[in-house]
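The values are calculated or read from the model by the stated rules, or taken from the named source; none is laboratory data. Note that the coordinates shown come from a computational prediction; the quantities given were computed from them, not determined experimentally. No Cβ is skipped: glycine too gets one built from the backbone with ideal geometry, and neighbour counts run over all protein chains shown. Only protein heavy atoms, including side chains, enter the accessible area calculation; ligands, DNA and RNA are left aside. Shrake-Rupley method; radii C 1.70, N 1.55, O 1.52, S 1.80 Å.
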Amino acid sequence: KIKYMFPKAHATAYVISAFRIAYYKVHYPAIYYATYFSTRLDDFDIVAMMRGYSSIKNRIIEINNKGYDMSNKEASLLETLKLALEATARGIVFGNLDIMKSDAKNFQIADDGITLIPPFRVIDGLGDTVAQSIQEEAKKRPFISIEDFQKRCRVSTTLVDKMKALNLFGELPESSQLSLF
């Protein structure tokens, strides 16, 4: 007895969906990768991704060499890095996070059309609430210092240090105090 057969209409819908995805992947790669990274993936090694193809490839090899000692987070990260490797091989570039341009949750496409600007959620340890707070505060008015940023967005010192390591603040001064000398 056959209890259940996969309906033809359902199979057809899957095929049509696959064609649509393939079309965007081929003709609009920046949009495809920005959407995929924003919706499907949670673990990122943004430092390796920003450094480019060879850095991503080396990180993949490093994780693969762990074999069965690989953690669940690393296994999830491996899938992200494989897609990032494919994206960089196709000419997509991962830009640096930007206090004014980065979104809380979604990758943005820069004006050049090939650079993806990562969202704040790619920073390890940064929650969705804080990421949303950063985005909202940046829309209100520009940050005048790192101290102003930390106070307005309620970000811990540990996260500020991670953001400094990613060069998120650029030329932003440490303190709001002006020096006369």
Scan the range 53-72 and tell me whether some residue there is surrounded by 19 or more Cβ atoms within 10 Å (Cβ to Cβ) and within 24 Å of VAL160 (Cα to Cα). no
Can LYS162 be described as free of Cβ contacts under 8 Å to residues at least 12 places away in the same chain, part of a helix (DSSP H, G or I) and either open to solvent by less than 80 Å² (accessible area, probe 1.4 Å) or not aliphatic (A, V, I, L, M) (or both)? no
Does at least one position in the range 74-82 carry a residue that is open to solvent by 50 Å² or more (accessible area, probe 1.4 Å) and modelled with pLDDT of 95 or more? yes
Number of the exception - MET5 against (1) surrounded by fewer than 17 Cβ atoms within 10 Å (Cβ to Cβ); (2) part of a helix (DSSP H, G or I): (2)
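Where residues in the range 111-135 are more than 15 Å from PHE37 (Cα to Cα) and outside any helix (DSSP H, G or I), which of them is nearest to the chain's Cα centre (by Cα)? If you could, list the steps in order and put the result at the bottom.
To start, the set of residues in the range 111-135 that are more than 15 Å from PHE37 (Cα to Cα) comprises 111-113, 124-135.
Filter again for outside any helix (DSSP H, G or I), leaving 111-113, 124-127.
Details: ASP111: 17, ASP112: 18, GLY113: 16, ASP124: 11, GLY125: 13, LEU126: 12, GLY127: 14 Å.
Filtering the range 111-135 for residues that are more than 15 Å from PHE37 (Cα to Cα) and outside any helix (DSSP H, G or I), the one nearest to the chain's Cα centre (by Cα) comes out as ASP124.
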Does SER38 count as within 18 Å of ASN96 (Cα to Cα), small (Gly, Ala, Ser), within 11 Å of the chain's Cα centre (by Cα) and open to solvent by less than 100 Å² (accessible area, probe 1.4 Å)? yes
Over the range 24-52, the set of residues closer than 22 Å to ALA165 by Cα and touching a Gly at 6+ places or on another chain (Cβ under 9 Å) is MET50
